[in-house]
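One structure is given here, and the rest of the page talks about it.
The values are calculated or read from the model by the stated rules, or taken from the named source; none is laboratory data. From a predicted model like this one, the values you see are computed outputs, not experimental measurements. Heads up, the Cβs are rebuilt from the backbone with ideal geometry, glycines too, and the neighbour counts pull from every protein chain shown.
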Amino acid sequence: METAEFRKHAHELVDWMADYLERVETYPVRSQVRPRSVIAQIPESPPARGEPFETIMEDFRRIILPGMTHWQHPSFFAYFPANSSPPSILAEMLTATLGAQCMSWVTSPAATELEQRMLEWLRQMTGLPDPFTGVIQDTASTATLCSILTARELRTGFDINRRGFTSPDRFALYCSQETHSSIEKGAKIAGIGRENVRTVPVDERFAMRPDMLEEAITRDLRENIIPLCTVATLGTTGSTAIDPLRAIGEICHRHGVWFHVDAAFAGSALILPEVRWMADGVELADTVVFNPHKWLLTNFDCTAYFVRDKGALVRTFEILPEYLKTAGTERVNNYRDWGIQLGRRFRALKLWFVLRSYGVEGLQDTLRAHIRMAQALADTIRSSADFELLAPCVLNLVCFRFHPPGVTDPARLDTLNAELLERLNATGKLYMTHTKLNGATTLRLVVGQTRVEQRHVNAAWSLITDTARSL
């Protein structure tokens with residue numbers, strides 16, 4: 001494609017992108033296609049000769065678009081959001097155009113130094129203490145794995161990196177019953193083993209019980225199992241429960257256990273001074289992670305990972321073959337040594353565009369609006385005769401179920417709510433997901449999409465109640 005043709009189609013694409021953002025509400029939120037309907041429309045073999053861009057774009061509209069779930073739809077209430085915004089999209093276009101591989105300072109000094117400053121901005125915005133140093137990872141799952149690996153190496157004097165697992169020692173990792181599945185995956189990859197992941201019971205608010213953590217650590221010590229790492233969650237996936245960081249951190253310090261805080265979703269809310277009670281005790285943590293790509297209007301992927309001991313992180317991952325050696329490395333950060341990947345995208349650019357476009361106050365206004373809408377919905381559910389809340393509405397996630405008067409059988413309630421969820425999502429008018437809380441099927445509605453307004457929440461609740469009462 002020549003530059004002139006590129007220019008023409010680029011303008012067309014920007015027009016399409018703007019139209020998409022304006023009209024995203026006209027699409028079904030969740031894709032309505034059947035399994036294998038997309039692949040059936042794609043030839044089994046690649047084309048021998050190049051095709052016109054117009055033909056490719058037409059197939060994008062005809063084949064691909066119907067098979068997409070529209071995460072930027074204001075009635076997307078599922079999972080946790082993967083928010084975007086126009087400034088972030090524009091920055092991604094620049095990132096793709098530059099096509100830089102930002103593994104080292106010398107490969108793109110601006111990328112490295114902008115990343116350093118952006119993590120300093122995020123640290124200030126969220127109130128994290130000065131000792132923490134940040135780096136951008138792709139996802140919270142990767143950041144958590146980095147934390148577990150660093151804990152493992154620091155505990156063994158970096159011996160496993162040198163010689164592998166030569167000792168019969170067993171390590172244990174602690175997390176709550178509500179912890180994200182990435183914790184178990186990280187333990188598997190790091191060689192800790194899923195059988196050595198201790199799931200600590202939770203209280204009535206679904207937060208980790210520190211007394212039960214202490215008991216689990218003490219039991220392992222009696223059995224000569226080494227307590228390696230505890231993962232506390234700031235905003236669990238199921239219900240946004242907040243683990244008590246100070247109590248957990250004090251136990252970890254007393255026993256010499258590495259302390260990681262997984263704040264993947266809720267960490268963004270720390271830009272609001274009124275909710276920083278959640279982070280009481282965060283200064284006791286060794287590492288903290290949260291995702292601007294979930295609730296700070298920044299395109300996926302962009303994870304903020306903060307470490308207290310950057311030397312331990314770098315020593316865990318640093319490898320320096322001759323072809324990567326450069327002069328002056330002692331004066332700069334080479335982020336290739338701060339995580340798993342050698343190759344790195346220029347993720348800091350979109351974060352810079354977003355923070356400058358909205359400012360701290362603009363982002364705070366957005367998050368406060370989301371929280372306000374969710375809290376209002378929770379109040380409505382509390383006063384409803386045939387719906388009930390199943391967890392506290394801490395921030396902007398509402399956990400509830402349909403509970404008609406007179407229906408007391410748990411299995412029947414689960415069936416009703418599973419059917420309700422499927423009928424709702426099949427309409428294409430909204431998208432929600434479910435979880436299990438205390439064994440009960442629970443509907444999750446997250447008010448967190450960039451363009452969501454009160455009218456979308458009102459329409460969702462009307463559809464939910466009408467559909468439920470027709471079952």
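Residues in the range 242-279 that are within 20 Å of Leu296 (Cα to Cα) and either out of contact with any Leu (no Cβ under 9 Å at 6 or more places or on another chain) or β-branched (Val, Ile, Thr) (or both): Ile242, Val261, Ile271, Pro273, Glu274, Val275, Trp277.
If we only count helices (runs of 4 or more DSSP H) wholly inside the range 205-313, which ones have 2 or more residues that are closer than 24 Å to Gln341 by Cβ and aliphatic (A, V, I, L, M)? Counting at least 2 such residues, we get no helices (runs of 4 or more DSSP H) at all. Please tell me if Ile63 is surrounded by fewer than 14 Cβ atoms within 10 Å (Cβ to Cβ), over 29 Å from Ala460 (Cβ atoms) and either under 25 Å from the mean Cα position of the chain (by Cα) or β-branched (Val, Ile, Thr) (or both). Answer is no for this residue. Please tell me if Ala78 is under 30 Å from Thr435 (Cβ atoms), of a type in the set (Gly, Ala, Ser) and touching a His at 6+ places or on another chain (Cβ under 7 Å). No; evaluated as a whole, the condition is false for this residue.
Taking the listed residues Arg170, Arg198, Arg155, the one that is under 29 Å from Pro392 (Cα atoms), surrounded by 15 or more Cβ atoms within 10 Å (Cβ to Cβ) and not β-branched (Val, Ile, Thr) is Arg198, with no other qualifying.
Only residues in the range 260-277 that are closer than 11 Å to Ala140 by Cβ count as the first member; pair them with residues that are of a type in the set (D, E, K, R), Cβ under 8 angstrom, at least 6 apart or cross-chain, and list the lot. Once the first residue is closer than 11 Å to Ala140 by Cβ and sits in the range 260-277, its partners that are of a type in the set (D, E, K, R) give His260/Asp286; Ala264/Lys294; Phe265/Lys294.
Of all residues in the range 1-41, those satisfying the criterion of being surrounded by fewer than 10 Cβ atoms within 10 Å (Cβ to Cβ) and β-branched (Val, Ile, Thr) are Thr3, Thr26. Just one of the listed residues (Arg368, Arg347, Arg372) is touching a residue at least 60 places away in the same chain (Cβ under 8 Å), surrounded by fewer than 20 Cβ atoms within 10 Å (Cβ to Cβ) and on the phi < 0 side of the Ramachandran plot, namely Arg368.
So, in the range 145-189, of the ones that are assigned to a loop (DSSP other than H, G, I, E, B) and in contact (Cβ under 8 Å) with a residue 40 or more places away in the chain, which residue ends up nearest to Lys310 (Cα to Cα)?
We begin by selecting, within the range 145-189, every residue assigned to a loop (DSSP other than H, G, I, E, B); these are 156-158, 164-170, 177-180.
Cutting the leftovers down to in contact (Cβ under 8 Å) with a residue 40 or more places away in the chain gives us 158, 169-170, 178-180.
Values: Phe158: 15, Asp169: 26, Arg170: 26, Glu178: 29, Thr179: 25, His180: 25 Å.
This residue is Phe158.
In the range 52-60 there is at least one residue that is in a helix (DSSP H, G or I), loosely packed, with under 14 Cβ neighbours inside 10 Å, of a type in the set (Phe, Trp, Tyr) and not assigned by TED's automatic domain parsing to the domain that holds Thr26.
With respect to Ile192, is the statement that it is among the hydrophobic types (A, V, I, L, M, F, W, C) and in a helix (DSSP H, G or I) true? Steps first, answer last, please.
On the way: among the hydrophobic types (A, V, I, L, M, F, W, C): yes; in a helix (DSSP H, G or I): no.
No; evaluated as a whole, the condition is false for this residue.
Only one entry in Trp277, Trp352 is surrounded by fewer than 23 Cβ atoms within 10 Å (Cβ to Cβ) and not assigned by TED's automatic domain parsing to the domain that holds Glu113, namely Trp352.
Does Gly343 meet the test of being out of contact with any helix residue (DSSP H, G or I) (no Cβ under 6 Å at 6 or more places or on another chain), part of a helix (DSSP H, G or I) and either not assigned by TED's automatic domain parsing to the domain that holds Ser147 or not charged (D, E, K, R) (or both)? Answer is no for this residue.
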